[in-house]
Amino acid sequence: MNYLWNYWEGYGYAYGPFISDDQLNNGDLVIPDDNADDLWNRHYMALLNINNALGSIKKGNIKGETQETIDGLEAQGKFLRAHNYFMLVRMFGGVPLITEDTPDPIVNPMPRASVAEVYALIVSDLTFAAAHLPESWSGAPGKPTSGAAKGILAKAYLTMATYPLNEPSNYQKAADMALEVMNSGVYHLVDSVDEVFTLANKYGSEMMWSYNSTYDDIATDPEIWTTSSYLDGGWGDAAMDTSFEHRWPDQPRKEAYVFTHWNGKHYTDFDEQTPFCKKFFFYISSDDFNGYSSIMNYPIIRYADVLLIYAEAANMASAGATAPQSAVDAINNIFDGCKLVTGYVPAAGGAGRVITSNSISSQPSLIVTAFPNPYQENFSLKINSPVTGQAMISFYTMNGVKIGEMKRDVVAMKDVWVPYNVPAVYRTRIVYTVTVGSFNAKGIVLSPN
């Protein structure tokens, strides 16, 4: 799989093949004939190795091993083959379908298979993988598992239910497969959204399967993902579209994913004048960043994906009837996993927790934002209250230790700035809570430390 995820190669620098098709900032839709041909070639180079291995297994070349071990090796190969074809069919449609039984395609040129034929192989391979892979690997957390196979199969079924196959019966198949993952009890969401992409969680309970990086096989230099203003300097290659950042309201998920400030400077004052995506550079150490050495993984399937796949598939499979409670529960599970940073508290009995078109409130709310975020030594909260009164403000560590509190008078619909100097011993991620009358707000202020 090094063809797909390698230092400066494959998806390690994947935005390069798509730079001209408007999927990235400043794309112009002038698409050349060889657009993304590097990824086409790399997927087929990976498939050549995979098919050779599967062909060797099929010929009985593995001696002295149990059938369970041989089935496990075949399952790993079929999992990886399915992943390659799932990527190819979504990028290119029908593609040449090469397996371990295919005659040499150089000597025997072959046409593209149909989209349906490609998906048939994907489903067959992932079904075998799901049945013969273990739930986990002792000492090898990055290898494919039965849960990962089921998660990707659920995603494949959901994709097959829509364009271009448009086979609605696959909604139920997607829901059933996702539910198997949910019922396994193997996976769960991390507690805080700003912890999803930390190195401590790269093989955690939410990450089901990723492209892996280690110090022996590092990812592409993290400098490509950020601004020249960050630490010793990024290169600003992969910027985020400013219009996307403008449309995303301020909230903890945005703070965890989008790099908009550094050292008190807004991105409009960066040399590039654009925001950046945090997950490939912000969560590694400053030493690793400055040393051009990233061990960030590239997630392919997460448990959050499975919950959303199930919610959509179960809802669509209900054919316009009221969404099943299980689909509602899947969405609530995601809300529950974010409760620390959103201030959301599940209702008793699991009722009344999902916001729907009938339950969105038009009532005013307490709006609190932090700047700068991330901070160095101090930050300020901008409080806009729907009512006049006194704001009760508290600050906590991520472990729940209260480190400060204060009160400020506020006037309805007027911005009030409240500075806070974080005690030196606590200068990591800080949780703040603000209460004005019956209104509450909560958020996290990040730190580069």
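None of the figures in this text is laboratory data; all of them are computed from the coordinates on show. Treat the numbers as computed from the prediction; the structure is a model and nothing was measured. Ideal geometry is used to build each Cβ from the backbone, glycine not excepted, and the neighbour counts take in all protein chains shown.
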- Message: Quick check: the angle from helix 37-58's long axis to the longest principal axis of the chain, C-alpha only, nearest 10 degrees?
- Response: 50 degrees
- Item | Amide H partners (placed H, <5 Å) of Lys202, local residues excluded | none
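What order, most packed first, do the peptides 170-178, 256-264 have when packing is the mean number of other Cβ atoms within 10 Å of each residue? Spell out each step's value before the answer.
On the way: 170-178: 22.7, 256-264: 19.8.
Going by the mean number of other Cβ atoms within 10 Å, highest first, we get 170-178, 256-264.
Taking the Cα centre of segment 5-210 as the origin, how large is its charge dipole in debye, to the nearest 20, when only Lys and Arg (+1) and Asp and Glu (-1) carry charge on their Cβ atoms?
Details: 13 positive and 25 negative charges, 108 e Å.
With Lys and Arg at +1 and Asp and Glu at -1, about 520 debye.
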- Note on the structure: Looking only at lysines whose Cα falls under 22 Å of Lys278's and that sit 8 or more positions away or on another chain, we get Lys202, Lys254, Lys265, Lys339, Lys442
- Item | Counted charge near Asn6, where neighbours are those whose Cβ lies closer than 13 Å (Asp, Glu -1; Lys, Arg +1) | -4
- Task: Under a cut-off of 19 Å between alpha-carbon atoms, report the lysines in cross-link reach of Lys58, not counting same-chain residues fewer than 8 places apart.
- Result: Lys78
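Length gain on complete extension for the stretch Tyr163 to Thr102, per 0.36 nm per residue less the alpha carbon to alpha carbon distance?
19.1 nm
Using alpha-carbon pairs under 8 Å, 6+ residues apart, how would you state the relative contact order of the chain in percent?
Values: 775 pairs, mean separation 51.4, N = 449.
Reported relative contact order: 11 percent.
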- Item | Exposed GluC sites (Glu not before Pro) absent: longest stretch of the chain, with sites in DSSP loops and at most 12 other Cβ within 10 Å deemed exposed | 136-376
- If amide H atoms are built 1.01 Å from N in the plane of the peptide, which residues on other chains or at least 5 residues away come under 5 Å of the amide H of Trp209? Ile300, Ile301
- Message: As I understand it, the dipole of the chain uses +1 on the Cβ of Lys and Arg and -1 on the Cβ of Asp and Glu, about the Cα centre. Which of Leu307, Thr435, Asn297 lies farthest toward its positive end?
- Response: Thr435
- Query: When only C-alpha pairs under 8 Å and at least 6 residues apart count, what is the relative contact order of segment 5-210, in percent?
  - Reply: 13 percent
- Message: Quick check: net charge around Thr274, other residues with Cβ under 14 Å of its Cβ, Lys/Arg +1 and Asp/Glu -1?
- Response: -4
- Between segment 374-402 and segment 248-275, the Cα center-to-center distance that results, in Å: 19 Å
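Can you tell me the dipole magnitude for the chain around its Cα centre, using point charges on the Cβ only (Lys, Arg +1; Asp, Glu -1), in Debye to the nearest 20?
Values: 30 positive and 48 negative charges, 311 e Å.
Using Cβ point charges on Lys, Arg, Asp and Glu, the chain gives about 1500 debye.
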- Message: Using all alpha carbons of the chain, what is the percent of pairwise distances in each 10 Å bin, ordered from the shortest bin to the longest?
- Response: 4, 17, 26, 26, 17, 7, 2, 0, 0
- Cα long-axis angle, helix 325-337 against the chain (0 to 90 degrees, to the nearest 10): 60 degrees
- Message: Whole angstrom only: what separates the Cα centroid of segment 118-171 from the Cα centroid of segment 420-449?
- Response: 41 Å
- Message: Which residue, Gly77, Ala130, Val418, has the largest displacement toward the positive end of the dipole of the chain when charges sit on each Cβ (Lys, Arg +1; Asp, Glu -1)?
- Response: Val418
- Net dipole in debye of segment 367-445 [+1 Lys, Arg Cβ; -1 Asp, Glu Cβ; about Cα centre; nearest 20]: 100 debye
- Message: In whole Hz and in residue order, list the ³J(HN,Hα) couplings for segment 134-143 that follow from phi through the Karplus curve 6.51 cos²θ - 1.76 cosθ + 1.60, θ = phi - 60°; x for Gly and Pro.
- Response: x, 5, 7, 10, 5, x, 9, x, x, 6
- Out of Gly12, Gly264, Ser114 - ranked by how far each Cα lies towards the positive end of the dipole of the chain, with unit charges on the beta-carbon of charged residues - the top one is Gly264
- Log entry: pair-distance distribution for segment 223-296, C-alpha pairs binned every 10 Å from zero, whole % per bin is 20, 56, 22, 1
- Helix 169-184 sits off the longest principal axis of the Cα atoms of the chain, rounded to the nearest 10 on a 0 to 90 degree scale, by 70 degrees
